[in-house]
């Protein structure tokens, strides 16, 4: 059996979101990814991302300012280009700048209203393909950041966990009368997993209107390592889709970027309703998930007992374990 690679080594080679595009304005922005402190700023051609600490005296570059020369440190005015190289030292004009006067720079791109960063020289995989977010067919609304003290993989597992819906989500959309999970299939692909399940979701009683059961088709679609798309299709209503991308701050903590696409006809009232209900649902998840141990995403199944109802999160974890071991993620499942 191959050795398990470290968490940072494995996932540095993938794209992860570090901010919503709207957060990065004319000022630099601090971010964190896989135990690395970053600073982001806008250039004439896109987004630059470097290490956050000035090579001179360790000052916080996110407290500096963006200039035509690049990002200028607020401590002594050293300026850095998008490649991380120092291009100006005000205290020593006309003197060659030392080659060591630079900070690490990283790849960055913008898509789906997010700024994505890859810490490796070359990404191991492309961004998730969600064409509906770019073809004008849907509207979107985003939640505030979700900063949880749990690993990114644990967060994705709870999104995929069908068996917890009727227990954890009582009072939101969980149906306590539907505790059994019927058999379902999981499609394993080189870049993720997919499944479709019908769940009798319960809309709670509100303002005298009794609770109503609606057989909702849930379509789960995961792109490794930490991007999950979950489409909800009620029987008599438009489909809406949530996107949860868990960005690993460290092996035991993550920041989730969570948003929803929906039919443009719902724009007048759906955004506020979605934000309120989804924050309540996710708070139910957070309270349970932050109590799970270990916080880190396990690299095996020892110490846990699973049932067929757990098949989707189990297959997802098998894929993540394969990434940690440098093995094909869509190989036949072990007995």
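Throughout, read-outs are computed from the coordinates displayed, never taken from laboratory work. Everything numeric in this text was worked out from a predicted model, so none of it was measured. Here Cβ is always computed from backbone atoms with ideal geometry, including for glycine, and neighbour counts include all displayed protein chains.
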Subject >> Read-out volume of the Cα convex hull per residue in Å³, derived from the coordinates shown; its label in (i) 140; (ii) 157; (iii) 129 >> reply: (ii)
Original post:
Hey, with R₀ at 30 Å, roughly what FRET efficiency would residue 292 and residue 124 work out to, going by the Cβ-Cβ distance, to 0.05?
Top reply: 0.60
Original post:
So what's the angle, to the nearest 10 degrees on a 0 to 90 scale, between helix 270-289 and the longest Cα principal axis of the chain?
Top reply: 90
**OP:** Could you tell me how many degrees, from 0 to 90 and to the nearest 10, lie between the Cα long axis of helix 311-325 and the main elongation axis, the longest principal axis, of the Cα atoms of the chain?
**Re:** 30
Original post:
Hey, what D do you get for segment 1-110 in µm²/s if you plug the Kirkwood alpha-carbon radius into Stokes-Einstein at 25 °C and 0.890 mPa s?
Top reply: 166
**OP:** Please give the peptides 321-328, 71-78 ranked by average Cβ packing (other Cβ atoms within 10 Å per residue), highest first, as a rough proxy for protection.
**Re:** 71-78, 321-328
Original post:
Under 12 Å from the 7 Å Cα→Cβ point of residue 76, by amide nitrogen: which residues of segment 25-60?
Top reply: 54-59
